[in-house]
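This report refers to the structure that appears directly beneath it.
Each reported figure results from applying straightforward, stated rules to the coordinates on display, with no laboratory input. These numbers were taken from a predicted model, which means no experiment stands behind them. Cβ sites come from the backbone with ideal geometry, for glycine too, and all protein chains shown count toward neighbours.
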Amino acid sequence: MLHTLTVLVDNHPGVLTRVSGLFSRRGYNIESLTVCQTDNPDVSRMTIVVDGDDWVIEQVTKQLHKLVVVHKISDITREAAVERELALIKVRVRAENRVEILQTTDIFRARVVDMGRNSLTVEATGDRDKIDALVKTLRPYGIVELARTGIVALVRAEAN
C-alpha cells in the first residue's frame with residue numbers, strides 16, 4: 001500500500017540525504033519525494049510517498065523520530081487531504097494528429113506550454129490517477145520526454 005508522509009525538518013544542507021538514507025538503508029523504495037521550504041525559512045516540508053504495510057511505516061516513523069533534524073511526522077494516507085502533482089510531457093506530433101492531441105490535453109485540463117513543428121510540451125497538474133491517465137492517453141502518439149514532480153499534499157481544513 002502506498003503511504004503519504006509529511007515530514008517537517010530543519011532546512012539545512014544534508015537533511016535530505018539523512019532522511020532518504022534512512023529509507024534506503026532499510027531497503028524501502030521511495031515512490032515520490034518532494035521537498036520545499038515552508039513559510040518558515042528554517043523549516044522544510046518533505047512529502048514522501050513510500051510503498052509498505054502499516055508495520056513498515058511504523059518502523060520508518062520510529063527511525064525518523066530519532067533524527068534531531070526532524071520536527072514532526074504525519075502519515076496522511078487515511079486523512080482527507082489535497083494531493084497534487086505536476087507533469088511536463090513532450091509529445092511527438094504530426095500535422096494529421098495535432099488537433100487530436102490538443103483536444104486530448106483540453107479534456108484533461110492540461111495546457112500547452114511549448115509548441116514546435118514536431119512536438120509539443122503539455123503541463124498538467126492533478127492527482128496521481130489523473131496524471132497517469134493523461135500519460136497513458138498520450139503514450140500512443142509518442143512521448144519524447146516526461147518529467148513529474150512527485151506528490152505535494154496538505155491535510156484538508158475542517159468543515160465548519
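For the reader, a short list of remarks on this structure follows.
- Counted without the sites themselves, the longest stretch of the chain free of GluC sites (Glu not before Pro) in a DSSP loop having at most 13 other beta carbon atoms within 10 Å is 1-78.
- Debye-sum result for the stretch 2-75 in log10 I(q)/I(0), which assumes one identical scatterer on each alpha carbon, at q = 0.26 Å⁻¹: -1.34
- In straight-distance terms, cross-link reach from Lys62 covers every one of the lysines whose alpha-carbon lies under 30 Å from its own, apart from those fewer than eight places away in the same chain; here that gives Lys72.
- Of all lysines in the structure, the ones whose alpha carbon falls short of 25 Å from that of Lys136, not counting any fewer than 8 places away in one chain, are Lys90.
- Taking amide H as placed 1.01 Å from N in the peptide plane, the amide H of Ser119 sits under 5 Å from that of Val93, each at least 5 places away or on another chain.
- Taking only the C-alpha atoms of the chain, the Rg (one decimal) and the largest Cα-Cα distance, Dmax (whole number), read 18.7, 58 Å.
- Residue separation of Ala95 and Lys66 scaled by 0.36 nm, minus their Cα-Cα distance, works out to 4.7 nm of gained length.
- Simple Cβ-charge dipole of the stretch 2-75, Lys/Arg +1 and Asp/Glu -1, about Cα centre, in debye nearest 20: 300 debye
- Charge dipole magnitude, Cβ of K and R +1, D and E -1 - the chain, Cα centre, debye nearest 20: 460 debye
- In this label model, Leu86 and Thr125 are separated by 0.8 nm, measuring between points 7 Å along each Cα→Cβ vector.
- Stokes-Einstein diffusion for the stretch 104-160 at 20 °C, viscosity 1.002 mPa s, with a Kirkwood radius from C-alpha pairs, works out to 164 µm²/s.
- Structure-based [θ]222 nm, the chain - -39500 (n - 2.57) summed over DSSP H runs of at least 4, per residue, nearest 500: -8500 deg cm²/dmol
- Computed lengthening from Gln59 to Arg156, 0.36 nm per intervening residue step minus Cα-Cα distance: 32.3 nm
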